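The values are calculated or read from the model by the stated rules, or taken from the named source; none is laboratory data. Small disclaimer: the values here were computed from a predicted structure and weren't measured. For neighbour counting, all protein chains shown are included, and Cβ atoms are generated from backbone atoms with ideal geometry for every residue, glycine included.
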Amino acid sequence: MKPVYLDYAATTPLDERVLQAMMPYLTDHFGNASSVYSFGRVARKAVAAARSQVAALLQADPSEIFFTSGGSESDNWILKGMALALRRAGKGSHIVTTQIEHPAVLNTCRYLEQAGFQVTYLPVDIDGRIMPKTVQEAVREDTILVSVMTANNEVGTIEPIAEIGAWLQQQGIFFHTDAVQAAGHIPLAVDELHVDALSLSGHKIYGPKGTGVLYLRRGFQPDSLIHGGEQEHGMRAGTENVAGIVGLGRAAELAYESLGAEWERLSELQDRLIQEIRRIDGAWINGAIQYRLPGNVNFGLDGLSHDTLLIRLDMAGFAVSAGSACSAGSLEPSHVLLAMGQTRIQAASALRVSIGRFTTQAELQLFVRTLKDIVETLRK
């Protein structure tokens, strides 16, 4: 049997159309986008086109799009850069985030604590959802920055970003959202979300790995994370990864074009999968049902360890995960599930099945049959 990939939340396969767009810039059009002669002009034009493609996905201005090496760099840059810039301007040193953020945000905030900043890590409800009122109550006179992810990478819960952002905008507090997991699944119009900064990653939207985006609203000037040349409007040094940027731009364009159709298709597949999993004795679904990314099904199985299940499923030809790929190998249960109020035993049973552009109903039917057989065997 051909292996079945069901871990799209960890990474997505490179779309063939994206590869086709990239190929000329890996071969003939190899110029440095900063060069003034024809080779450089061709590369520079391609980067500008990709910037416009990403801007369309976010309903932003191309001048507000900065290319990075990925979501983690984007998160690090905006949190460190704005925190330092705002503290230096005498605005304060208090940061607000949530307990369920990606490690790129959580570990950056812990780093900033060592640099003298105060950070409040907000709790979430049983579904992994942060209440806007919780954010409002955490804000102080010296709060300079708030970062709340658009949707959780482990359980798929979508956060009320627009409501949080509207209130923070009225208060004049800088608001960042990590939208890496949400991109390509839900609309991300930055003005409607009321965000000042937003992070994306190419490999989560069928683009190349090692590419990312930081959307930054005009008027804000974070400290640079990488110093050197004048690339990216003089704010992010380093020779442009032209082929990667072109691929990211094409991936963003495809994601924008298929947003509605993919929502419907993946939601239908997801609903069927949830129904089948709920039929298994001792199974439960983690995360919100109503406010959930299409394609993310995180569930627990009473009395079973995800380690055992992952090995059995892998042997049977199915690639699923126990949560964030960035936390793989950790001996600790999911920080997201613990923040949602689960016990360590419950959290240690969780599996995440995430589906995407190339997933079929037949693959999911086969997965469910295999999972039920494995569970039955383990419980004998």
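Determine if the range 33-51 includes at least one residue that is touching a helix residue (DSSP H, G or I) at 6+ places or on another chain (Cβ under 6 Å) and of a type in the set (S, T, N, Q). Checked the range 33-51: no residue is touching a helix residue (DSSP H, G or I) at 6+ places or on another chain (Cβ under 6 Å) and of a type in the set (S, T, N, Q). One residue stands out in the range 24-73 among those that are within 19 Å of the chain's Cα centre (by Cα) and assigned to a loop (DSSP other than H, G, I, E, B): the one that is surrounded by the fewest Cβ atoms within 10 Å (Cβ to Cβ), namely 59. Pairing residues of the range 130-157 that are at positive phi with residues that are charged (D, E, K, R) and not in a loop (DSSP other than H, G, I, E, B), at Cβ distances under 7 Å and at least 6 apart in sequence or on separate chains, gives 156/292.
Between 104, 189, 182, which is of a type in the set (Gly, Ala, Ser), over 26 Å from residue 297 (Cβ atoms) and in contact (Cβ under 8 Å) with a residue 12 or more places away in the chain? Of the residues listed, the single one that is of a type in the set (Gly, Ala, Ser), over 26 Å from residue 297 (Cβ atoms) and in contact (Cβ under 8 Å) with a residue 12 or more places away in the chain is 189. Within the range 311-331, not a single residue is in the same structural domain as residue 128 (by TED's automatic domain parsing), basic (Lys, Arg) and part of a helix (DSSP H, G or I). When restricted to residues that are surrounded by fewer than 18 Cβ atoms within 10 Å (Cβ to Cβ) and out of contact with any helix residue (DSSP H, G or I) (no Cβ under 7 Å at 6 or more places or on another chain), the range 273-290 contains 9.
Scanning the range 1-21 for residues that are part of a loop (DSSP other than H, G, I, E, B) and either more than 24 Å from residue 353 (Cβ to Cβ) or at pLDDT 95 or above (or both) yields a total of 9.
Summed over the range 245-288, the residues that are outside the structural domain of residue 372 (by TED's automatic domain parsing) and among the basic types (Lys, Arg) give a count of 1.
Scanning the range 94-121 for residues that are part of a strand (DSSP E or B), of a type outside the set (A, V, I, L, M) and closer than 20 Å to residue 165 by Cβ yields 94, 97, 98, 120, 121. Anything in the range 1-54 that is among the hydroxyl-bearing types (Ser, Thr, Tyr) and touching a residue at least 60 places away in the same chain (Cβ under 8 Å)? List them, or say none. If the condition is that a residue be among the hydroxyl-bearing types (Ser, Thr, Tyr) and touching a residue at least 60 places away in the same chain (Cβ under 8 Å), then 5, 8, 11, 12, 25, 34, 52 are the ones that fit. Are any of the residues in the range 301-310 in contact with a helix residue (DSSP H, G or I) (Cβ under 9 Å, 6 or more places away or on another chain) and charged (D, E, K, R)? The answer is yes; a qualifying residue exists.
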